[in-house]
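Visitor: Sharing a structure below in structure tokens format, with a few things to ask.
Laboratory data are not the source of any read-out in this text; all were calculated from the coordinates shown. Since we're looking at a predicted model, the values are computed, not measured. Methodologically, a virtual Cβ is constructed for each residue, glycine included, from the backbone with ideal geometry; neighbour enumeration extends over all protein chains shown.
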Amino acid sequence: MPVQLPPQLVRLFLLSMVSYWLSLAPNPLAAQTINVQPLLPPASLPDSIRFAGVDSLIRKVYWKQSPDTAFALIDEVINSVEDAENSVHYRRAFRRRAGLLNLQGDFPAAINAYEQQIEVYKAATYDKERRFRAIALAYRYRAILLRKVGRTSEALEQYEQSLAYAEAAGESGLLRKSQTLNSMGNLYFNLREYELAEEKYTEA
């Protein structure tokens, strides 16, 4: 059974680890990439600490400075999570991949990555409302990218899926529903379907 460490010690460890990795990084103004071999923290640490630390490295160190390293770390997390206790990090890694591809402007790859993320979240069994809000958001992002690559009818289908999951989340899904309706309004506005745009904006 893994040793439970005090929360203060866990936070201190994560902060010190991120600070260490930051100290290895060159000045971002001087170079655009960091050539560091991706490596998970030591296996002797509890998995929950290891994966949380890697997620911090992905988001705070490599996200913009070295996307290739971020992708490598994301793959390591996906391939390393083996138990339900750390499944949150498994799902989060799929979300990070989709978001990073979106940030890079690789829309076709991001569209596929959001689809993978949605399937992972659908297969999960944790709190229904939280899970449905996450799925609604992923559908919305996927719809936005489909619209950007000219696949408008598919985008509308994805928006409808987003709305369905946001509504199924109940009151806690109202923000997601409003965001999706607003995005639908933007789509109709760009298509010069102004009455439909007004309808969606008003509902949002």
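Visitor: Apply the Karplus curve 6.51 cos²θ - 1.76 cosθ + 1.60, θ = phi - 60°, to the phi angles in segment 136-151 and return the couplings in whole Hz, x for Gly and Pro.
Guide: 4, 5, 5, 4, 5, 4, 5, 4, 4, 6, 4, 5, 5, 9, x, 9
Visitor: May I ask which of K60/K128; K60/K122; K60/K148; K177/K200 have a Cα-Cα span longer than 21 Å here?
Guide: K60/K128; K60/K122; K60/K148
Visitor: What whole-number distance in Å separates the alpha-carbon centres of segment 150-165 and segment 76-128?
Guide: That distance is 20 Å.
Visitor: For the pair E199 and V88, how long in nm is the line joining their label points, each one 7 Å along Cα→Cβ?
Guide: In this crude spin-label approximation the distance works out to 4.1 nm.
Visitor: Compute the Cα gyration tensor for segment 64-204, then decide on rounded, prolate or oblate, letting a ≥ b ≥ c be the square roots of its eigenvalues: rounded whenever a/c is under 1.5, prolate when a/b is larger than b/c in the other cases, and oblate in all that remain.
Guide: Oblate, because a/c is 1.5 or more while a/b does not exceed b/c.
Visitor: Pull out the extension gain between E115 and S48, defined as 0.36 nm times the separation in residues minus the alpha carbon to alpha carbon distance; nm, one decimal.
Guide: 21.5 nm
Visitor: May I ask you to list the chymotrypsin sites (Phe, Trp or Tyr not before Pro) in segment 51-112 that are in a DSSP loop and have at most 16 other Cβ atoms within 10 Å of their Cβ?
Guide: none
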